[in-house]
Each structure stands twice: as structure tokens, then as C-alpha cells.
1. Ignoring ligands, DNA and RNA, how do C:Lys19, D:Lys70, C:Lys120 rank by accessible area with a 1.4 Å probe, largest first?
2. When Cβ neighbours within 10 Å are restricted to other protein chains, what is their mean count per residue of peptide C:201-212?
3. Could you check which residue among A:Val172, A:Val72, A:Val140 shows the biggest mean-square fluctuation in a GNM of chain A with a 10 Å Cα cutoff?
4. Counting protein heavy atoms only and a 1.4 angstrom probe, how many square angstrom of accessible surface do chains D and C bury in total, to the nearest 100?
5. Below 8 Å between Cα atoms, with a sequence gap of 6+, how large is the relative contact order for segment D:69-214 in percent?
6. Which entries in the list A:Lys120/B:Lys55; A:Lys37/B:Lys120; C:Lys120/D:Lys65; A:Lys65/B:Lys37; C:Lys19/C:Lys55 go over 21 Å, if you measure between the two C-alpha atoms of each?
7. Taking each residue of B:36-47 in turn, how many C-beta atoms of other protein chains fall within 10 Å of its C-beta, and what is the average?
8. First compute the accessible area of the protein assembly as shown with a 1.4 Å probe, then give the percent of it belonging to carbon and sulfur atoms.
4 protein chains.
Amino acid sequence: MAEKSPVAAQRSAPRRRRKEARPQELTAAALSLFVEKGFAATRLDEVAARAGVSKGTLYLYFDSKEALFKAVIAEGVVPAIEAGEAMLERHADDPVTLLRGFLYEWWALIGSTELGGIPKLMMSEARNFPEVAAYYHETVIRRGLRLIRTAVQRGVDMGVFRRVNTELIGNVFMAPLLHLALWRHSFGACCGGDLDAQRFLDTWFDLLMHGLGAAPAPREEAR
Amino acid sequence: MAEKSPVAAQRSAPRRRRKEARPQELTAAALSLFVEKGFAATRLDEVAARAGVSKGTLYLYFDSKEALFKAVIAEGVVPAIEAGEAMLERHADDPVTLLRGFLYEWWALIGSTELGGIPKLMMSEARNFPEVAAYYHETVIRRGLRLIRTAVQRGVDMGVFRRVNTELIGNVFMAPLLHLALWRHSFGACCGGDLDAQRFLDTWFDLLMHGLGAAPAPREEAR
Amino acid sequence: MAEKSPVAAQRSAPRRRRKEARPQELTAAALSLFVEKGFAATRLDEVAARAGVSKGTLYLYFDSKEALFKAVIAEGVVPAIEAGEAMLERHADDPVTLLRGFLYEWWALIGSTELGGIPKLMMSEARNFPEVAAYYHETVIRRGLRLIRTAVQRGVDMGVFRRVNTELIGNVFMAPLLHLALWRHSFGACCGGDLDAQRFLDTWFDLLMHGLGAAPAPREEAR
Amino acid sequence: MAEKSPVAAQRSAPRRRRKEARPQELTAAALSLFVEKGFAATRLDEVAARAGVSKGTLYLYFDSKEALFKAVIAEGVVPAIEAGEAMLERHADDPVTLLRGFLYEWWALIGSTELGGIPKLMMSEARNFPEVAAYYHETVIRRGLRLIRTAVQRGVDMGVFRRVNTELIGNVFMAPLLHLALWRHSFGACCGGDLDAQRFLDTWFDLLMHGLGAAPAPREEAR
DNA sequence: GATGAATGAGCGTTCATTCAT
DNA sequence: TATGAATGAACGCTCATTCAT
């Protein structure tokens, strides 16, 4: 009451910072558990414990378990999109570099981080949470696919790539990346059968470039 | 299960057929529900209802919900393997035909059928059922990957494909197929954003063949 | 399945009878606890324990605690009404006897029995369950008040009672009866300050008859 | 509470008044909510919100929810008693006027005010708070009943009323008044079926006076 | 004195599992 | 073999209570 003057508007710093950081601490804990065990099999006790708070505290920030799920997705999605758009701008002119950037940076910034669990989570729960799935589809998937299609189309137009059907090229492009992320959070995490991410990405990029007809060019120069 | 003496086995046919078919009717109902809602979110009530039996009847055939899960996987795995091996024998000599066969027949016989839900189910639950995942990994995945690697290697050896790193080619090959199956049972089933399977497969096979250096078009340009 | 013939339609008797009697055992246990402690303060554990079943069993018969509350009221109300209407028919011609019957029989059949707790319960919870209150008001209260007003009006028309305002006479008539029932389940049950029901009823009936101008007559006959 | 020295007591007036008024603002908020929803169903959040303070503030004045309940009753009881005694002194000599005063003034000063909710609250919670009920019984009920019995007895002794059994006359006298107050806070507040208080009181007083043999009309007929 | 973030015990509800029929 | 009534452990959620600020 006394500190409400516009000047001294900030309350005691540590408490305040905690209050503001809490939701992200909670969604981070929830994300890792949802990815690990699935939404239904994750108990809120565990989420709270992993975040280092009590069960009741969750309800200070989220109305329900479902609301927590939505927040997990919504919060994980924003960085993913921003990262993607940043990539597009960085390598605007060179299609090969652009696709290489999408591929390796997606893995570096998303696939290999905590966010890499979101595809598994969304695939597992899409049918149980159609609205969230629709939001994710609209906000992340469509937008991401368009980025890739644009990049490929640009390469085709520039004569760097052969003429391919670009309609579904985004899905094809992403499929191995998502597979890698899904694998990491399923078989890779339980059976020791982990994939070597770098070699997998290299194999895929090599095959993709040849498949788009972009690989022979360097070789011809090499003749 | 099959230990009945040949003599006693010839009881009244229709009744008998019903009794023997029961477990498969139950696992079929369970599979579709597990795929739809996930293992944890599926109630045994629902499984029983979909199979047209009472809840207690489930326990005549399966000791627990987890046992039912294992049976669902185990039962789905056998046809998958047999189908895969049949493919290999049918198209043994021609690597291109072999890969085309794997791709389109996998989709026709597995991906597009009820069995196509198993990848989603296994991915979602692998960490909750490590033994089942290990069994699946050993029995289905490794074996399937070896099939593909063998086929590609044969193509390389025959000079039909360019020299590619065949170590992870199986994973790359399967990724879009699995992606298609996963999609069908997640976003495709809830957001109307279904993928056109045929065009997707065509796009992928075209890209793959070019990527392996086996497609005619680039060769013609190379003339 | 075999016994489904119309003849042998009754299943094994003891189990079946139990199944049919259960809801009433449960509502009886719930009524006494709701009356004793109030709806909100009553735990379903207690209800189940008092009925001799487990907590889960409650949910085989009632969808929720609120549904149980509604059932308690609905079930308690039917006998009350039927008893009231039976009285009216038994003593149709003599207003004094009719009112005496209402008064003493209401107490004997309702007020002093388990049903006597319903007024306390309904008064306490009316605002929390408006639909139930509306149902009770329509089904029990209005109907009961009309019975009494009819009886008094008949007495006035016959010249047995003086001309009184019959509009609210039903409420006045019932007030001491309800007070007695309420008392029994509040102060009477906790502070030892129990009321002597017979003397209370006698006092009230005596006052009422004199108030309606019906008492002097017998005395005059006695002169 | 009142142990502050007379000197220190004269601090800044408006602030002081606020601080001293706090407990009563809190009990007033609590009373209305307890009456509305019952003790158990009332959340301290709501009480605090209605009083315009934070939830923690409640605990500066009351040790627990139960202590708040006791304070609500204790605080409501003092005005009730003082009002009752004031009535007795005002109409000491004439029994009819005395009873009329009790009746109409009880309604005016208690029944129709915020205090009119206390009977409902006490009836509902008597068995959950036996000590409070005992205190209330001793402090309010017995004393009130004695007042009325004394008044009626005086009327009988003076020959104004006929000889009635005065033992339970207080309970009978109060029953319709309490019924009216209870009704207002139960059905009257939720089903639109409100009672017309004035007509109800008139009907009751008319019936009562005739019942006690004190009404003019019968006497005139008797001439 | 006043706040409101945090707690954790407890309740309503669900559901895998059992068992008498 | 098949049923479905019954169970009870466990989970989501609430809310009285505490305490650092």
C-alpha cells in the first residue's frame, strides 16, 4: 500500500522476480514430464515436485491440468516460430544455404533442445486436444511448411533445383527432422538405440540436395 | 492358447471360432483406442464396450491393462514382419523396384491399415514400457532397417545408385512413411489437415530416387 | 444370457434385491448425515461408511454428490405428500378433526421420523440448490399449504371457525410444527434442551383452536 | 482490544475508527455469507473479498474460521438481547401491548435486519458447534422464552388472557416469527416465493390474541 | 497492520482390478 | 465362460492456514 507510488512501483525484487518466472519454471517442468510419460500419465504432483513447488502452487498459475498443457504448447511455440523466421531472413538469397540453415539450425535450436519434445507431445495428444492441435497446426506447422516451400520454390525458380512438386515438399523435408526428434524422446531415451544426430542430418541433407538436383552442380564445377 | 489336442479342437465350429477370435477382437478394439487416445487415457470400459463384451471379460484373456498393451503390440508386430519379408522375396533382384515395393506396399499393407497406428502408439509409450519398446525395436525396427539398408547397398553395389552412406539410410527412408502414418492418427484425424497419401508417397519416392542418383531425368539432362 | 426368457426373468434373488435396495440405503444414510452436519460438511466417505459400502459404490448409483442430494430430497418427498393426501381424504367432513389430524399425524408420520430432518436440510441448502428448492416448493410446500387452507376455509364456511384471513393460515399452522422438527435436529440434538413434543403440540393445537374460534363451542356444550 | 491507555487511545481519529471497526466489518461480511451459503460452503476468500480486505487480514483478527463463526454469533447476540430487554421496559404494564411489541419489534429490529439470518445459521450449525449452540441457547433463547412466558403469565394473572399452559407458550409464540426469518433466508431468497411479512405478522397476532382469549371480537359476540 | 504467494491436508471423482453369481 | 456389482488406491482440485515481505 505504501509503495504504490509510480516511482517505487517495483516491489521487493527477489520475490517479484520469482513470481514472474514461476509460470515458465512450471511449464518447463510440465513439458519434460509430458514428453516423457504423456499427458495423462503425468501426475501434477510430479510436475510440482520437479519444479520445486507444492501441488497447490500450480493452481495459482493455471486453472487446470488442461490449461497447463495449453500453456506448455503455447509457450514452446513462440520461440520456435521466431527462430524459424530469423533463419529465413538470415539466408534469404541462397536456397541451398537456406535449406541447410533450416535443417541444421532447426536441430540446433529446437530439435536438440527441450523444445524438441513438443512434436512428440503434440502428435500423442492431438486427438485429445483438438483445439490445441488446431492452434499448433495453424501457428507452427502451416507457417513452417510455407517457409520451406518458399525456399524450395525459390531454388527451382533460380534454376538451382530441378523442377519438383513443391506442394508437399515441406512435409517431406521435415519428416526426417521430426523423426529424429521423436526418436530421441521415445526409443532413443529407453533402449539405448540412439541415433547419431549429426550423421543422420548429414545423410538426409546429402540425399535431399541430390534429390533436388542441386548436388551435381558442384561436381561439374569440380570437373 | 494352441495347446488343445487336435481331437478336442474340433468342437462346434461357430462357437469355437468365436472363442478363439476373442483375444484378437479385444486387441483390435484396444489398438484403435490406444492409438486414438493414448494408453493412459483409454479406459478398459471403452475397450470392452467397443469389443462388445463386459469389462470383466477382458480379465479372462489379459492379466492387466499393461498385459493388454503388450498383446496389442505383439500381435501387431507379427503381420508387420511377415509382410516385410514377403516384400523382400517378391522384389529380390531389382533395387529400384525393391524400394518402390517397400514404400508403396508398406503403406498399402501397414501404414494405411489399422496397423498404421502402432508407430504412434509405440512412440508415445516407449518410455513408459521400455521392455515392450526394446522388443519392438529388436523385432521390428532393426529388422526393417536392415532390409532397407540391404536393398540400397545392393543398388550401390550394382551401380544403380550412387555411393551414399548406407548406415542411416534406412531411418531416412522410413521417416516420411512413419510421418505419414503418425500424421493420419494425430493432426489428420482432428484438424482436417489430412495429407494426400498418394501424392506424398510419389513426392517422396521421386525425391529419393533422384537423391540416390537412380532417376532417369537427371541422367537425360546429363547427356 | 440363458435366463433371459420372460419366465425366468428374475435373476438370483439376494443379489438382485440388494441391487434394488441399494439406492434407498444410500439416500437414507445420506439424509441422516446431511441433516446432522449439513451438505457441505458431510463427506462421502462418511455416507458410504454409514451405508456399509465403499466410496466408489456411491458412484454406481449417483453421478455426483449433488445428484445424491437431489435424490435424498426427491425420495423423501413422495411419502410425505402421499401421507398428507391420505389424511385429507380420511377426515374430509370435520374441519376440527381434519386439522387435528394434520397436526398430530404430520408429527407422527413425518416430523418425528427420519423425514423430519428434511425441512432443516432444505432450509439450510435452499439457496445453494435453487432448482431443488423450487421443486420442493412446488411439490411439497405449495401443496401442503393448500391442504391446510382448504381445511380452514371449509371450517369457516361451515361456521365452525370464525372468519379469519385464510391467505397465510397455512404458513402459520405449519410454523410451530416445522419449528419442532427443526429444533429436534438442531438444539434438541446437541444441547439437551429438547422440547416435549406432545405438550408442544397440545399447546399449539389448543391455542390454534381457540384462535380460530372453535374451542368455546365444546365448552358451551360442557355447561 | 480495549486495553489501550486512554492517552494513546486518542490517535488520529479516522484511522482509529477504521481499525476498531474492522472486526465488525469482517463479521458482518461473514454473517451474510454464512447465512447465504452455510458455514462450510463459505470460503474465507469470499468473506475477505466482501469485506474488502485480503484473506490474510482475516487472521489478524480471528484465529480460525471457527473463531470467526463464534465471533459472528457472539456479536449478533448482544444487540438481540439488548433489543429484547429494551422492549420489555418500554411495554411493561399491558400484556397485550407487550406481546404486540415483542412481535412487531422483534421483526423490525431483528428479524428483518441482518441479524435475522442468525436463527438460520444457528439452526444449521448447532450440531457442528455444540458449545456455540449451548451459549446461544443459554444467552438468547432461554432468556427470550422467559420474557414471553412472563408476559403471558402476567396476562393470565390479570385476567386478560384465558388460562393457558404457559410452559411452552414462548416456543409457540416465537415459532412463526422464526419461520418468517428462516423463510426469508431460504426459499424467500431463491424461489421468488417470498412471504408478505406484515400480513403474516398480522395474521399471526390476530390468531394469537384470539387464541389467548384476548381479542375484542369474540368478547363482543359473547355479550 | 496488511498483503498475497505458498502450502498441504483433504475431498470429490475415476478407474483398474476382483469376485460372487 | 461371462457378467457387472463392488472395491480402494490414486488423482485433480480446493481452501483454510501460514509467513516472508
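1. On the way: C:Lys19 125, D:Lys70 85, C:Lys120 10 Å².
So, going from the largest accessible area down, we get C:Lys19, D:Lys70, C:Lys120.
2. Details: counts 2, 2, 8, 6, 0, 5, 12, 5, 2, 11, 12, 3.
Partner-chain Cβ atoms within 10 Å, mean over residues of C:201-212: 6.
3. A:Val172
4. Working: alone 12840 and 13010 Å², together 21310 Å².
By this definition, chains D and C bury close to 4600 Å².
5. Working: 114 pairs, mean separation 40.1, N = 146.
Once divided by the residue count of segment D:69-214, the mean separation gives 27 percent.
6. Working: A:Lys120/B:Lys55 31 Å; A:Lys37/B:Lys120 14 Å; C:Lys120/D:Lys65 23 Å; A:Lys65/B:Lys37 16 Å; C:Lys19/C:Lys55 16 Å.
Long pairs (Cα-Cα over 21 Å): A:Lys120/B:Lys55; C:Lys120/D:Lys65.
7. On the way: counts 2, 5, 8, 4, 6, 8, 1, 0, 0, 0, 0, 0.
Across the residues of B:36-47, the mean count of other-chain Cβ atoms within 10 Å is 3.
8. Roughly 53 percent of what the probe reaches on the protein assembly as shown is carbon or sulfur.
The values are calculated or read from the model by the stated rules, or taken from the named source; none is laboratory data. Since the structure is predicted, the reported quantities are computational estimates derived from the model, not experimental observations. Note that we place each Cβ from the backbone using ideal geometry, even for glycine, and neighbour counts take in every protein chain shown. Only protein heavy atoms, including side chains, enter the accessible area calculation; ligands, DNA and RNA are left aside. Shrake-Rupley method; radii C 1.70, N 1.55, O 1.52, S 1.80 Å.
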